[in-house]
Amino acid sequence: MLTREQTGTLTEIINAGVKKAGSVLSELVGRQVRMQVPLLGVTDFTNLHDCIGIDNNLQLVSVCQQFHGTMDGYALLLLSRENGDALTQHLIGEGFDPSAMDVEREEALREVGNILTNSVLGTISNTVGHRFEYQVPVYRQGTLPEIIGFSSCDASCSVGDSHTLYARAQFDIDDERVVGSILILLTSRAFKLLIEMVDGLRFKVQLRQQ
Amino acid sequence: MAKILLVDDSSFQRKLMSKMLCSMGHRVTEAENGRKGLDLVDTLEPDMIITDLLMPELDGIGLLRDLKKRDSAIPAVVVSADIQETTRQECLQLGARDFLNKPVKHADLAATVERLLQSIAGEESKC
C-alpha cells in the first residue's frame, strides 16, 4: 500500500512523462495536440480493466516496450483499433487505407509507441536516477487479457506478482479525440525498488528545502 | 553532397529521415540493423552514419563499439527515442558525435549534419 506522499510523487513523475509524450506526439503529427489531464494510479492486474476503463473484449492495438536490469517489467501503449487507425492516419497522412495497410499501421504505431513509452520511462529514469535496459518494441493486436498475457510472458513477468502503474491519456489532435492508455507493469520486486527510489528522491528534496 | 548511411529497423523512421536528408541534397543508403550497417560501412565508405539504438541482430551501441574498435573516423550520430541521460552519455563515450531524440526535427538534423560535415572538412584540410 502506498502512502499519500508516495502516490503524490509517483503521480507527479508519471504526469511529467505523459505531458512530454503529448508534446512529442504534437511534433510527430505536425498538429496541435491538446492533452487532457490523465487518469493515473496503481493497481494489480485483476482490477486493471476497471481502472483504465477498457472492456476485456474490445479489440486493441498495442506496442510493448520491455525493460530489464535491476528493474524488470514493460510499458504498453494501448489504443482501440479505431483510435489506432485515427492516429496512423495522422502519422501517415491521406494515403492511409485502414482496410488494406496492416503493415503500414504496424510500422507507424510501433514507432510512435516506442517514442511515447520512452517519454514516460525516460522521465522516470532521469528523475529517480535508474537506467532501464530496453528491448526492441513489439506491436500486438488483441484483447486486453491477450495483450497483457503475451507481454507478461515475454517479459518473464507474472501477472499475479506484478504491479501496474497506469496513465489514461486523452489527446485531442486538432478537433479529433484519440484516447490511449500507457501502462507500466513492474514485478513486485521492481515496484518495491521504484518506491524506494521515490522515497529517496523525496528525502533529498526535503533536505534541500531545510 | 555527402554519402550518409542511415541505420534504423523502422521503415517508417527510415522513410521520414531519408526524405529529410535527401531534401538537404545528400545521398542516403539505408540499413535495417547494425549488422547490415557495418557490412555497408566497408563497401559504401560513407561520410557519416546516422543510427538508431534499439535494433535486432546488432543494436546501435554494438555498432558504435565496433566502429570504435576499428578506430573508424566516420562520424556517427545517434537518433533514438531513448531520452535517458545515461544512454546519451554512454553513446557519447563510445564515440558518437551527437545524440538526437526522436521525433527528430528537420532543422536539428540539418544543423547536426552540416556541423559534422564542416568539421570533417576542417580535419581533412589539416592533414
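The values are calculated or read from the model by the stated rules, or taken from the named source; none is laboratory data. From a predicted model like this one, the values you see are computed outputs, not experimental measurements. As a convention, Cβ positions derive from the backbone with ideal geometry for all residues, glycine included, and neighbour counts pool all protein chains shown. Side chains included, ligands, DNA and RNA excluded: accessible areas come from the protein's heavy atoms. Shrake-Rupley method; radii C 1.70, N 1.55, O 1.52, S 1.80 Å.
Computed values, structure above
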{"quantity": "Hits in segment B:20-43 - residues which are of a type in the set (V, I, T) and either open to solvent by 90 Å² or more (accessible area, probe 1.4 Å) or touching a Pro at 6+ places or on another chain (Cβ under 9 Å) (or both)", "calculated": "B:T29, B:T43"}
{"quantity": "Subset of segment B:77-87 (residues that are more than 8 Å from chain A (Cβ to nearest Cβ) and more than 20 Å from A:G113 (Cα to Cα))", "calculated": "B:V77"}
{"quantity": "Evaluation of A:R189 against (1) modelled with pLDDT of 80 or more; (2) open to solvent by less than 70 Å² (accessible area, probe 1.4 Å); (3) within 23 Å of A:M1 (Cβ to Cβ) (one fails), failing number", "calculated": "(2)"}
{"quantity": "Residues of segment A:129-155 that turn out to be assigned to a helix (DSSP H, G or I), surrounded by 18 or more Cβ atoms within 10 Å (Cβ to Cβ) and not small (G, A, S), as a count", "calculated": "3"}
{"quantity": "Total residues in segment A:13-25, condition more than 13 Å from the chain's Cα centre (by Cα) and at the interface with chain B (Cβ under 10 Å from one of its Cβ atoms)", "calculated": "2"}
{"quantity": "Test: residue in segment B:11-19 that is away from every other protein chain (no Cβ under 14 Å), without any contact (Cβ under 8 Å) to a residue 60 or more places away in the chain, open to solvent by 60 Å² or more (accessible area, probe 1.4 Å) and not hydrophobic (A, V, I, L, M, F, W, C)", "calculated": "no"}
{"quantity": "Long-range neighbours under 8 Å by Cβ, at least six apart or interchain, first residue farther than 19 Å from B:L100 by Cβ and of a type outside the set (G, A, S) within segment B:62-84, second in a helix (DSSP H, G or I) and open to solvent by less than 20 Å² (accessible area, probe 1.4 Å)", "calculated": "B:D66/B:G34; B:D66/B:L38"}
{"quantity": "Residue, modelled with the highest pLDDT, within segment A:1-59, restricted to residues that are touching a Pro at 6+ places or on another chain (Cβ under 9 Å) and β-branched (V, I, T)", "calculated": "A:V24"}
{"quantity": "Helices (runs of 4 or more DSSP H) wholly inside segment A:1-106 containing at least 1 residues that are touching a residue at least 12 places away in the same chain (Cβ under 8 Å), of a type in the set (S, T, Y) and open to solvent by less than 10 Å² (accessible area, probe 1.4 Å)", "calculated": "A:81-92"}
{"quantity": "Residue tally, condition open to solvent by 60 Å² or more (accessible area, probe 1.4 Å) and under 25 Å from A:L121 (Cα atoms), over segment B:66-104", "calculated": "7"}
{"quantity": "Segment B:105-122: number of residues that are aliphatic (A, V, I, L, M) and open to solvent by 10 Å² or more (accessible area, probe 1.4 Å)", "calculated": "6"}
